[in-house]
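What follows is one structure encoded as structure tokens, with my remarks underneath.
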Amino acid sequence: MLRVAIIGLGTISYIHQLGIQQSGLGKLVAVCDSNPSTAGDYADLPFYDNCEEMLEKENLDVVHICLPHDLHAPIAQKCMEYGVNVFLEKPLSLTYEEGLNLSKAVSDSKYKLGVCFQNRYNRTTTKLIDILENQPVEEIGSIRAVKGVVTWFRPESYYEAQPWRGQLERAGGGTMINQSIHTLDLMHLFGGNPLTCNGHLLNLLDYKIEVEDTAVARYEFEENISGLYFATNSYAVNSPVELEVITERRRFVIKDYKLFEYKYNSDDGVLLESDDIFESTKSYYGQGHLLAIQTFYKAVIDKTEDYIHIEDALGSMLMIDMMRKSSETKETVHASTFTKSE
């Protein structure tokens, strides 16, 4: 049984706690947060307000990092320096460059770092992956376009409760990096590496925040695949995320936690798969966390490479940086601007 700890006891840490408990492979033995008032939620566990003290005193196998975005990369690197594997909440880092630097640190280490892109483990996602990888290309054709749409709502109190969420230097952005990065990740998964981006970041709500509440972008991926992305925190409710993948002969849509297949120019969709729904007010979390955690734990125990690596997560960071740069310059930007130094 792996000895596991959580650093950062904010909203998402509860989902990680459940995943650890249900994994059957790990036991939560310690928690850490700079805010002592969070200790009451884990009264039966050793509580630390300094992560280095915890890393020194506890004989840990895995640490889950659930911190504000600006602390992801430095604390992940610190954990590996202490000889501990890391399961990292999204995003990977604040920027693509910081992600590259962390990737080098991981490659120089003998420890693993897995990124929590749990939507890759949704039934709808894995079913679509299976279809695109295993059905004859002459039957469905090659991928031509991908689209991601996220229309959610965040009240101003969301940012007031945790001010870092609205601070550019700490969050790295708003809806694109916090709420909809999972959708960007899936667009990258199906679309491939981005080549160009024309993006715009804006605010439709009159909140006192530095980050965007709305983002829109058009991407060109490798293999002549087009991408369209739209995300906002200014809608009235948290509407289900929509992902569309269009091939030469089919259209696949994940919406309302279901995967539908449409033949070309047909409005009659066939239901192929449905996701398990997380039983909470945040149903969009899905059930993927448990599978992501179990898969990473198995990789640690069995010393395999079957988990979501930094290299998998760098694509969404590149898409975010391209979108930010395009919005600043009001020009189409090229991936080579960011990747030429690799």
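The values are calculated or read from the model by the stated rules, or taken from the named source; none is laboratory data. Given the structure is predicted, the values throughout are model-derived calculations rather than measurements. Glycine also receives a Cβ, built like all others from the backbone with ideal geometry; neighbour counts cover every protein chain displayed. Accessible surface is based on the protein model in full, side chains and every heavy atom, while ligands, DNA and RNA are left aside. Shrake-Rupley method; radii C 1.70, N 1.55, O 1.52, S 1.80 Å.
Points to keep in mind about this one:
- DSSP beta bridges in the chain [antiparallel fraction, %, rounded to 5]: 60
- Cα pair count fraction exceeding 17 Å, expressed as % - segment 212-342: 73
- With R₀ set to 25 Å, the beta-carbon distance separating Ser336 from His200 gives a calculated FRET efficiency near 0.75.
- Accessible surface for segment 203-325, divided over its residues, is 50 Å² per residue with a 1.4 Å probe.
- Rg and Dmax of the chain, both derived from C-alpha coordinates alone, stand at 19.9, 62 Å.
- Helices in the chain, meaning DSSP H runs of at least 4 residues, each add -39500 (n - 2.57). Divided by all residues, the mean residue ellipticity at 222 nm is -10000 deg cm²/dmol.
- For segment 1-141: accessible area per residue (Å², 1.4 Å): 43
- Of the DSSP H helices in the chain, those whose Cα atoms cover at least 27 Å axially and whose Kyte score averages -0.5 or more: 310-329
- Figure legend: label point modelled 7 angstrom from the Cα of Ser226 along Cα→Cβ; residues of segment 170-200 with amide N under 15 Å from it are 196-198.
- Carbon and sulfur %, accessible surface of the chain computed with the full protein complex present, 1.4 Å: 47
- Estimated translational D of segment 12-123 in µm²/s (Stokes, Kirkwood radius over Cα pairs; 25 °C; 0.890 mPa s): 166
- Straight-line cross-link partners of Lys90 among the aspartates and glutamates, defined as a Cα under 17 Å from its Cα and at least 8 positions apart when in the same chain: Asp70, Glu98, Glu169, Asp185, Glu311, Asp312, Asp321.
- The stretch between Arg218 and Asp306 holds 28.5 nm of extra length on full extension. This uses 0.36 nm per residue minus the Cα-Cα distance.
- GNM flexibility winner over the chain from Lys90, Lys112, Lys258 (Cα, springs under 10 Å): Lys258
- Förster radius 45 Å - calculated FRET efficiency between Ser239 and Tyr264, Cβ distance, rounded to 0.05: 0.95
- When only the Cβ of Lys, Arg, Asp and Glu is charged (+1, +1, -1, -1), the dipole of segment 99-143 relative to its Cα centre reaches about 420 debye.
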